[in-house]
Amino acid sequence: MGSIFKRKIGIEKQIDDFLDKVSESGLLFKSGVSAYLKGNIESFEKTIESIVETEHRGDALRRSLEEQLYIQTLIPESRGDVLSLLESMDSLLDRFKGALWRFDIERPEIGDEFHEDFRELINCVVESVEAIVRSSRAFFKDISAVADHMHKVSYWETESDKISTRLQRSIFRKEELRLSHRLQLRDFVRHVDKIADRAEDVADKLSIFAIKRSL
Amino acid sequence: MIRFRTAAICCSIFVVLGAVISGAGASHTLGKLGAVNAIAGAFIVAFAAAMSVYLMTLARFPVSTSQAIVGAIIGWNLFSGALTDGSALIKIVTTWVLCPVLAAAIAVILYKLVVFIITRSKIHMFKQDRMTRYGLLLAGIFGSYALGANNIANVMGVFVPVSPFSDISVFGWFNLTSAQQLFFIGSLAIAVGVFTYSRRVMMTVGVGIMELSPVAAFVAVWSHSIVLFLFSSQGLESFLMRQGLPTIPLVPVSSSQAIVGAVIGMGLLKGGRGIRWRTVGGITSGWVTTPILAAIMSFISLFFLQNVFQQKTYRPVRFALTLEAMDHIREAGVPTEKLADLLDENFPTAVQFKKALSQRIALTPMARNIIMAASEIDEIRVTQSTIAGLNMDWFTPELRKALEPLEGSEFLHKWQLQEALAERSPLWRFDQNNRDKNKDLQNKLAHLYETFRYEK
């Protein structure tokens, strides 16, 4: 009996840890890009190392969770939903890591006039992911509170859309830039903005899962 | 949520316990409906009920053994010319309607309560899952116990009056009465049935009517268990009695009806859109066909057994308005002038006697019951050896003292023995203010009638 309890309490903690990793990856992304914009390459590279480590841990946690859910037949009626949620969250984590890597690979030249907008965009994206992490925690612990966090995801997604449009417009209006440079910057903006879109997709799924679990 | 094997093992163990420990309550009511008084007849009655249940189970309907056995007993009544006790029948059929309704009501209340608690206490999904699991298992155990207690009467009730067993003491720890031994065997049979045939019915109830969430399943099983418990607990009955409250009849109700009622109750609470009414319709129509099917099957099988295999399927109960019976009836306040021409006329069956009565006089059911009871012929002879054979603990020395002077006497009616005993000792008298004592006395008298009966 005791061992059963211990193991399952372990699962609850693992889920919490995993969501911590997702949220952490967002914060790392934010500080990484900010270091990059400041030209602090050393700190930027350290952040990349940490985010890779975080992604590793997240993957390991996700796999172990999936295994336990199926081998021990826990919550059989909603484990499919939980699994799909975990996977979507993991893909958000991957996207943060991917975006940061992309900065490292391409080392884009970002003019000072775009810095403020970039920071704002990244802030919105990270906030949207934070909101979905909070919604997921609520999904496990207090299902009636899911809705309280969920609407914030769409809010931040809309905000990041607005900023991304504004940013892309100003990139293309800037005449000194070559077309290739413009296209590269646009891709970066889109890549980051996509993360908020994905977060909203996860939120849509999660609201269905919550309805299914609601009593 | 729970593996079939786990469920089946827990269910089996507790069905046996429930049946042996508290199975007696509901079997009395069945006995009142029709006292099957020959072992071959009892066998056929049980067999007909079993066949009907088997056929319905093959068709995947959660069928009620209670209904099957009541149908089969009525088939026996029809065949042997015994009267079906209308009030007992009405009592049983009313509970059939009451039981699913009650289960639905309990389910709705319980469900609301559980939802309130879960949303209030903010339990983690995994913890809730774990609690639901243990809760389901507990509910299943309680339910099986209640099922054994309530429904064993269906399986073995008809055999109680003709039980071939005598009481045994298990290592001096506790006594197993002959009825309990019967119930033990019957509950073993139920356990075998759980392992072999219950799976498909489990599926119908669990998935067929409505997709049940684990919490809803938990509530369904609990309400079913509570309802069965209400209808079979002698403890609860005597508690209500002591408080002067109306008691719940101890009747074998249908566990399938209870669970279907509970599931529908919760379905309605959610707006009723999730309920598959076709399945519900199938189940309810089964509730009508089962007793009829069982009655027909019982009647036909009895006919075959009696006429083809020459087995005695019933002991005829004769009626005659003897002089003593006339006096007894008059004392009870029923006028007998119009019955004078029936004096000492013999009626081989209850049905014929009732017909003769109703041709002469319009009787209220109560008055008719008085006349029937008074004129039932039962040849009783008190002998030394039968007195010696009585259970020492049950029949205390004081009770025996009143019995011993009657040695050698013979009676034509049951009530004569009772009156003779009551004259000799207040212990043998009914007490209007003590229902527990009356019940015990009834049981003792019934036992005496059985043991002192002799056949010419």
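For the reader, a short list of remarks on this structure follows.
- Rounded FRET efficiency, nearest 0.05, which uses the C-beta distance separating A:GLU176 from B:LEU268 and R0 of 56 Å: 0.20
- Normalising by residue count, the stretch A:133-215 has a Cα convex hull of 69 Å³ per residue.
- Model label points for B:TRP277 and B:ASP440, set 7 angstrom from Cα along the Cα-to-Cβ axis, are 5.4 nm apart.
- Size of the stretch B:373-422: Rg and Dmax of its alpha carbons, in Å, are 11.3, 32.
- Estimated vicinal HN-Hα couplings, Hz - the stretch B:71-76 in sequence order (Karplus 6.51, -1.76, 1.60; Gly, Pro = x): x, 5, 5, 5, x, 5
- Calculated on C-alpha atoms, the gyration radius of the stretch B:342-456 divided by its Kirkwood radius gives an Rg/Rh of 1.02.
- With every protein chain in place, the protein assembly as shown: carbon and sulfur % of accessible area (1.4 Å): 60 percent
- For the stretch B:103-162, the square roots a ≥ b ≥ c of the C-alpha gyration tensor eigenvalues yield an a/c of 1.5 or more together with a/b not exceeding b/c, which makes the shape oblate.
- Between chain A and chain B, the total buried accessible area stands at approximately 1800 Å², from heavy atoms with a 1.4 Å probe.
- Our coupling estimate for the stretch B:221-237, obtained by passing each phi through the Karplus curve with A = 6.51, B = -1.76, C = 1.60 and θ = phi - 60°, is 5, 5, 5, 4, 5, 4, 4, 4, 5, 4, 8, 9, 8, 6, x, 5, 4 Hz, Gly and Pro reported as x.
- Length-normalised contact order for chain A - Cα pairs under 8 Å, 6+ apart - percent: 23 percent
- Taken over the alpha carbons of the protein assembly as shown as equal point scatterers, the Debye sum produces base-10 log I(q)/I(0) values at 0.07, 0.09, 0.10 Å⁻¹ of -0.64, -0.85, -0.97.
- Alpha-carbon centroid distance for the pair the stretch B:244-300 / the stretch B:337-386, whole angstrom: 37 Å
- Residues whose amide H comes within less than 5 Å of that of B:ASP378, counting only those at least five positions distant or on another chain, are B:HIS413, B:LYS414 (H built at 1.01 Å from N in the peptide plane).
- When each of the peptides A:121-131, A:144-154 is scored by how many other beta carbons lie within 10 Å of its residues on average, the order from highest to lowest is A:121-131, A:144-154.
- Note on B:113-126: average number of Cβ atoms from other chains within 10 Å of each residue's Cβ is 4.
- Taking 25 °C and 0.890 mPa s as conditions, the stretch B:349-391 diffuses translationally at an estimated 192 µm²/s according to Stokes-Einstein applied to its Kirkwood radius (Cα pairs).
- Estimated vicinal HN-Hα couplings, Hz - the stretch A:168-175 in sequence order (Karplus 6.51, -1.76, 1.60; Gly, Pro = x): 4, 4, 5, 4, 6, 7, 6, 6
- Gyration tensor over alpha-carbon atoms, the stretch B:262-413, equivalent ellipsoid semi-axes in Å: 44, 26, 21
- Förster radius 35 Å - calculated FRET efficiency between B:ALA388 and B:ARG429 (Cβ-Cβ, nearest 0.05): 0.90
- C-alpha long axis of helix A:41-71 to longest principal axis of chain A, angle in °: 30 degrees
- For the stretch B:313-371, the Kirkwood radius over C-alpha pairs fed into Stokes-Einstein at 4 °C and 1.567 mPa s yields D = 109 µm² per second.
- Distant-in-sequence amide contacts of B:LEU321, defined by a placed amide H-H separation under 5 Å and a gap of 5 or more residues or a different chain, comprise B:ASP344, B:GLU345.
- Rounded, prolate or oblate (a/c below 1.5 giving rounded, otherwise prolate when a/b exceeds b/c) for the stretch A:23-174 by Cα gyration tensor: oblate
- Over all other residues within a Cβ to Cβ distance under 13 Å of A:HIS115, the charged ones net out to -4, with Lys and Arg as +1 and Asp and Glu as -1.
The values are calculated or read from the model by the stated rules, or taken from the named source; none is laboratory data. Everything numeric in this text was worked out from a predicted model, so none of it was measured. Positions of Cβ are backbone-derived with ideal geometry, glycine not excepted, and every protein chain shown enters the neighbour counts. Heavy atoms of the whole protein, side chains included, go into the accessibility calculation; ligands, DNA and RNA do not. Shrake-Rupley method; radii C 1.70, N 1.55, O 1.52, S 1.80 Å.
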